[in-house]
Structures are given as structure tokens and as C-alpha cells.
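The values are calculated or read from the model by the stated rules, or taken from the named source; none is laboratory data. Source: prediction; values computed, not measured. Cβ sites come from the backbone with ideal geometry, for glycine too, and all protein chains shown count toward neighbours. For the accessible areas, the whole protein counts, side chains as well, though only heavy atoms, and no ligand, DNA or RNA atoms are used. Shrake-Rupley method; radii C 1.70, N 1.55, O 1.52, S 1.80 Å.
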Amino acid sequence: MYRVFPPGVDGDKFFCQEDEIQKTNLRQRLGLPLSACLFLYVGRFDTEKNPRAILQALAQSNDETLKVVF
């Protein structure tokens, strides 16, 4: 069983068009297509966080555009 926890920050409060331009530029610099689905993990590698379950779930993905960043 997996639980999804909502983010602690309201992303809508921090959205602006300049961010979209910066995101586009950064993805181009890193060689990440704009259409790629990104999964970014920011946290400690601890059994409490269960990173193994995250990796197992991602391994089952059929999304060929998925990019994982730890």
C-alpha cells in the first residue's frame, strides 16, 4: 500500500512566466526534453523514507520519457 502526501508548499503561489522560461532554458542546458516526465527526489536515504519502494514503482513505469533525479 502506498500513500501520497501532498506537498507542504502551494506551488501556485510561486508560479510566474519567468520561471517557465528558466525551466525551458535549464532543461535545454541539461539535455532534458520539454516533454520528459521528471521525478525529483529530495530527501535523505533512510528506511523511514523507503527509497527502495520509490525505485520499484518507477521501474514498473512504461513512460519512456521518465527521467529520475536523486
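For the reader, a short list of remarks on this structure follows.
- Computing FRET efficiency as 1/(1 + (r/R0)^6) for residue 26 and residue 49, where r is the C-beta to C-beta distance and R0 is 25 Å, gives about 0.45.
- Computed magnitude of the charge dipole of the chain (debye, nearest 20; Cβ of K, R +1, Cβ of D, E -1): 260
- Residues in the chain average 93 Å² of solvent-accessible surface per residue, probe 1.4 Å, ligands and nucleic acids excluded.
- Against the main long axis of the alpha-carbon atoms of the chain, helix 17-30 sits at an angle near 70°.
- Within-15-Å neighbourhood charge of residue 25 [Cβ basis; K, R +1; D, E -1]: 0
- Distant-in-sequence amide contacts of residue 67, defined by a placed amide H-H separation under 5 Å and a gap of 5 or more residues or a different chain, comprise 37, 38, 39.
- Correct choice for Kirkwood radius over Cα pairs in Å that was computed from the model, options [x] 11.6; [y] 14.5; [z] 12.8: [y]
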